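Visitor: Once you've had a glance at the structure underneath, I'll fire off some questions.
Since every read-out is calculated from the coordinates, none of them should be taken as a lab result. Since the structure is predicted, the reported quantities are computational estimates derived from the model, not experimental observations. All Cβ positions, even for glycine, are placed from backbone atoms using ideal geometry, and neighbour counts span all protein chains on display.
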Amino acid sequence: MQRPWIVLKFGGTSVASAERWAVIAARARELLPSSRVWIVASALAGVSDKLEQAVREALAGRAPEALAWIVERHRALAGELGVDRARYEPVAEVLADVERRLEGVRLAEEAPPRLVARIMAAGELASTRLGLAALAGQGVAARWVDARELLASESHPGDPAESRFLSARVAPRHDPAPAEVVAGGADIVLTQGFIARTPGGDTCLLGRGGSDTSATLFAALLGAAEVEIWTDVPGMFTTDPRAVPSARLIRRLGYREAQELAASGAKVLHPGCLASVAWAGIPLGIRCTPHPELEGTRIEAAIEDHPVVTAVTCRKSVALVTISTVAMWEAPGFLARAFAPFAEQGISIDLVATSESAVSVT
Ligand code: ADP
Ligand code: ASP
Ligand code: MG
């Protein structure tokens with residue numbers, strides 16, 4: 001009987017220093033006797049923002065200054081980790097490739113979503129190439145896997161290119177065989193969050209913050225025993241602990257409540273990540289990379305329906321549309337007609353309030 005997989009996801013700040021890579025290596029070693037370890041890594045903190053900035057700079061015809069920051073950031077971490085030139089080569093190749101693509105944007109004066117996805121993917125491709133060297137330096141032999149070989153988005157030909165390439169959806173499924181093939185018998189795999197492939201074989205993204213969703217998709221695919229989301233706070237709090245220092249840690253939560261919190265602004269989890277674990281019944285832990293000794297938050301099916309207010313969340317940049325009319329009274333199908341144009345424009349509605357003369361949506 002093979003040992004079960006445990007999926008560990010490390011966010012941007014959790015992969016950004018030699019000290020953090022030591023925690024990653026230690027956690028993998030700790031789990032190895034009883035499990036196999038599937039590590040999903042984000043881009044180094046700040047890199048995805050800088051890649052977006054580099055695209056904007058290239059579009060404006062300027063030399064992408066943000067790219068210089070990204071190159072320097074990877075070089076600095078490689079230096080801190082003591083990665084030699086030969087082991088750094090795959091990182092340098094990813095960064096040289098993105099430079100060529102940005103030059104293409106500058107010359108063509110356009111950045112189609114398909115190309116933007118390819119450019120943004122460089123963040124996770126580079127961090128995992130560097131991570132492989134970091135783990136090797138810690139005496140941990142991992143196998144590098146390209147996430148696009150295993151995660152394929154759904155095909156909706158009518159969808160706008162932005163959603164197909166930049167916030168694609170991948171349906172959860174259980175299919176360990178291809179994953180075992182790419183893992184090639186390794187006990188430790190290192191792969192990218194955030195990226196997948198379209199049905200046409202192009203690179204696509206799962207939306208900003210989407211690495212959590214990659215982790216749970218991999219967990220469902222592998223039939224993993226558990227997912228751990230390692231980040232910069234010790235779990236899900238009663239509100240954002242950076243905004244409200246007195247916020248309290250929530251030790252245990254059900255999937256549905258976690259979904260409500262993530263979707264309404266508790267950024268510690270990407271709202272797309274709970275569907276896969278709820279579907280597969282896999283427990284999800286939130287753990288703190290700077291404090292690996294803390295237990296964090298555990299999310300699983302058994303703990304639904306809290307009788308109290310669990311947490312308070314906050315979201316910015318929300319649009320509220322109110323449709324007021326007296327023509328709504330006893331008009332069958334009114335709401336279906338009111339909502340149809342949103343669907344046609346590819347806009348998803350979050351909250352709805354209705355009265356007899358108005359419908360408000362966010
Ligand atoms: P990562 O890069 O590891 O994915 P994120 O920045 O995406 O990390 O998510 C972690 C951040 O989520 C925390 O630094 C915290 O400020 C924010 N956050 C917002 N709401 C909550 C909450 N209710 N509980 C915990 N963290 C929250
Ligand atoms: N690197 C991506 C982002 O910053 C994905 C992630 O970190 O979850 O949006
Ligand atoms: Mg995140």
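Visitor: For the stretch 139-284, calculate the relative contact order in percent as a whole number, restricting contacts to Cα pairs under 8 Å that are 6 or more residues apart.
Guide: After rounding, I find 25 percent.
Visitor: Hey, what do the phi angles of the stretch 155-169 turn into as Karplus ³J(HN,Hα) couplings, whole Hz, using 6.51/-1.76/1.60 and θ = phi - 60°, x for Gly and Pro?
Guide: After applying 6.51 cos²θ - 1.76 cosθ + 1.60, I find 9, 10, x, x, 5, x, 4, 4, 6, 5, 9, 10, 9, 6, 10 Hz.
Visitor: Let me ask something additional. Full-extension gain between residue 319 and residue 72, please, as 0.36 nm times their residue separation minus the C-alpha to C-alpha distance. Each step should come with its number before you reach the end.
Guide: Values: separation 247, 0.36 × 247 = 88.92 nm, distance 3.80 nm.
85.1 nm is the gain from fully extending residue 319 to residue 72.
Visitor: To the nearest 20 debye, what charge dipole does the stretch 81-132 have about its Cα centre, counting +1 at the Cβ of each Lys and Arg and -1 at the Cβ of each Asp and Glu?
Guide: In debye, rounded to 20, the stretch 81-132 gives about 100.
Visitor: Taking the Cα centre of the stretch 217-362 as the origin, how large is its charge dipole in debye, to the nearest 20, when only Lys and Arg (+1) and Asp and Glu (-1) carry charge on their Cβ atoms?
Guide: That gives the stretch 217-362 a dipole magnitude of about 300 debye.
Visitor: Among 310, 322, rank each residue by its count of other Cβ atoms within 10 Å, from fewest to most, as a rough exposure measure.
Guide: Listed from fewest to most nearby Cβ atoms, that is 322, 310.
Visitor: Here is a further query. Hey, rough spin-label estimate for residue 29 and residue 107, points 7 angstrom out along Cα→Cβ, what's it come to in nanometres?
Guide: Placing both labels 7 Å along Cα→Cβ, they lie 4.8 nm apart.
Visitor: Within the stretch 270-362, which GluC sites (Glu not before Pro) sit in a loop by DSSP and count at most 16 neighbouring Cβ atoms inside 10 Å? Walk me through the numbers before you get to the answer.
Guide: Details: sites: 293, 295, 300, 304, 330, 344, 356; in loops: 293, 295, 300, 304, 330, 356.
Of the GluC sites (Glu not before Pro), the ones in loops of the stretch 270-362 whose Cβ has at most 16 other Cβ atoms within 10 Å are 293, 295, 304, 330, 356.
Visitor: Rank 205, 294, 125 by mean-square fluctuation in a GNM of the chain with C-alpha springs under 10 angstrom and give only the top-ranked residue.
Guide: 294
Visitor: Give the calculated FRET efficiency between residue 149 and residue 86 to the nearest 0.05, with a Förster radius of 22 Å applied to their Cβ-Cβ distance.
Guide: Calculated transfer efficiency: 0.30.
Visitor: For the chain, what does the helix formula give at 222 nm: sum of -39500 (n - 2.57) over DSSP H segments with n ≥ 4, over the residue count, nearest 500 deg cm²/dmol?
Guide: -12500 deg cm²/dmol
Visitor: Among DSSP beta bridges whose residues both lie in the chain, state the antiparallel percentage, nearest 5.
Guide: 35
Visitor: Between residue 309 and residue 96, what FRET efficiency follows from the Cβ-Cβ distance if R0 is 51 Å, with the result rounded to 0.05? All intermediate terms of the calculation are to be shown ahead of the outcome.
Guide: Working: r = 51 Å, r/R0 = 1.01.
Result of the calculation: an efficiency of 0.50.
Visitor: Mind putting a number on the dipole of the stretch 54-97 about its Cα centre? Charges go on the C-beta only, +1 for Lys and Arg and -1 for Asp and Glu, and I need it in Debye to the nearest 20. Could you put the intermediate results ahead of the total?
Guide: Values: 6 positive and 8 negative charges, 20 e Å.
The calculated dipole for the stretch 54-97 is roughly 100 debye.
Visitor: Would you calculate the separation in nanometres between label points at residue 52 and residue 355, each defined as 7 Å from the Cα along the Cα-to-beta-carbon direction?
Guide: Using points 7 Å along Cα→Cβ, the separation is 3.6 nm.
Visitor: So, one more: From the residues 43, 113, 79, which one has its Cα farthest along the dipole of the stretch 37-176 in the positive direction, the dipole being from +1 and -1 charges on Cβ of Lys/Arg and Asp/Glu about the Cα centre?
Guide: My answer, from the dipole projection, is 79.
Visitor: Sort 329, 230 so the one with the fewest other Cβ atoms within 10 Å of its own Cβ comes first.
Guide: Ascending number of Cβ neighbours within 10 Å: 329, 230.
Visitor: Right, something else. If the reach is capped at under 16 angstrom between alpha carbons, list the lysines near residue 267, excluding any in the same chain fewer than eight residues apart.
Guide: Filter leaves 9, 316.
Visitor: Now a separate question. Using only the Cα atoms of the stretch 201-240, build the gyration tensor, take square roots of its eigenvalues as a ≥ b ≥ c, and label the shape rounded, prolate or oblate: rounded if a/c is under 1.5, else prolate if a/b is larger than b/c, else oblate.
Guide: Taking the square roots of the gyration eigenvalues as a ≥ b ≥ c, the stretch 201-240 is oblate.
Visitor: Run the Debye formula on the Cα coordinates of the chain, all scatterers equal and no solvent, and tell me log10 I(q)/I(0) at q = 0.10, 0.14, 0.15 1/Å.
Guide: Cα-only, vacuum Debye calculation for the chain: -0.66, -1.23, -1.38.
Visitor: Please arrange 216, 198, 313 by how many other C-beta atoms lie within 10 Å of their C-beta, fewest to most.
Guide: 313, 198, 216
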